[in-house]
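A.B. asks: Got a structure for you, written out below as structure tokens; questions coming shortly.
The values are calculated or read from the model by the stated rules, or taken from the named source; none is laboratory data. All values derive from a computational prediction rather than experimental measurement. Every residue, glycine among them, receives a Cβ derived from its backbone with ideal geometry; neighbour counts consider all protein chains shown.
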Amino acid sequence: MEQPGKSDEKDFLSGVVKKIGTCLGTNTEAIEVDYNDNLDYYNFNHTKRGIAVVVVNEKFEGHSKRAGAELDRELLSYCFRSLGFDVRVFTDLNGFQLVTEMEKIALEMTRDPDFDCFVFAMSSHGDKIQSHIDHNTIVEEDVIYATDGYIPTERILKLFSDEICIGLIGKPRLFFLQACRGNLFDIGTTVIDEVDSASDKMVITRIPCFKDYLVMYATPPG
């Protein structure tokens, strides 16, 4: 017996599929949404394993060249190909190119959702930035570098959300980031990370709330 609210949520997702399909000129009747919260496992019986994106940035404006980037590209590509993924490799993308290429891939997966999962691996510089909400509150955010500057990690994650890429509904999304890191990701529930008693300033981090996401860094916080 279906739990209360599940049917309504399925109906809502079906409506989203039809509306987006109309905009894309896609036959929505052929789009099957893999959505069943009652299951404790994912459906890996599709025709294709899925797309694995490998982004390796080696050269940066105003920064030194990253040693070992070429090896990262070769090893990541080999790893995902050996697992049956359709590997798409990108090198030295600026911010506009990175977002544009990922939007194209999200659209491709929406139009052809017959795959098991999605992988995004990026090797680049990373950092953590702070912004002030008010005089006493600081928000910390993870960023990763394109060749011409940084992009919030959250922006990349959002490109593959259920709302933007309906082909990923009910499917795992795996993100591997070879970069220096901040703390936690995306918008969602905020928590007080620390309080500076001398200045009475609060530092706030962000707790992830994206569904079906696994985000992993190669380095610990700091």
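A.B. asks: What are the residues in region 64-111 that are part of a loop (DSSP other than H, G, I, E, B), within 19 Å of the chain's Cα centre (by Cα) and under 25 Å from LYS171 (Cβ atoms), if any? First the steps, then the outcome.
C.D. replies: Of all residues in region 64-111, those part of a loop (DSSP other than H, G, I, E, B) come to 64-68, 83-85, 92-94.
Still in the list and also within 19 Å of the chain's Cα centre (by Cα): 85, 92-94.
PHE85, LEU93, listed by residue number.
A.B. asks: Additional query: For residues that are surrounded by fewer than 19 Cβ atoms within 10 Å (Cβ to Cβ) and hydroxyl-bearing (Ser, Thr, Tyr), tally how many sit in region 151-178.
C.D. replies: Result for region 151-178: 1.
A.B. asks: Is it true that some residue in region 47-67 is at pLDDT 50 or above and more than 30 Å from GLY95 (Cα to Cα)?
C.D. replies: yes
A.B. asks: Pick out, from region 118-160, the strands (runs of 3 or more DSSP E) lying fully within it that include 3 or more residues that are at pLDDT 80 or above and either within 19 Å of the chain's Cα centre (by Cα) or not polar (S, T, N, Q) (or both). So that I can check it myself, show each step before the final result.
C.D. replies: Numbers: elements: 118-123, 126-134, 137-146, 149-152.
The qualifying strands (runs of 3 or more DSSP E) are 118-123, 137-146, 149-152.
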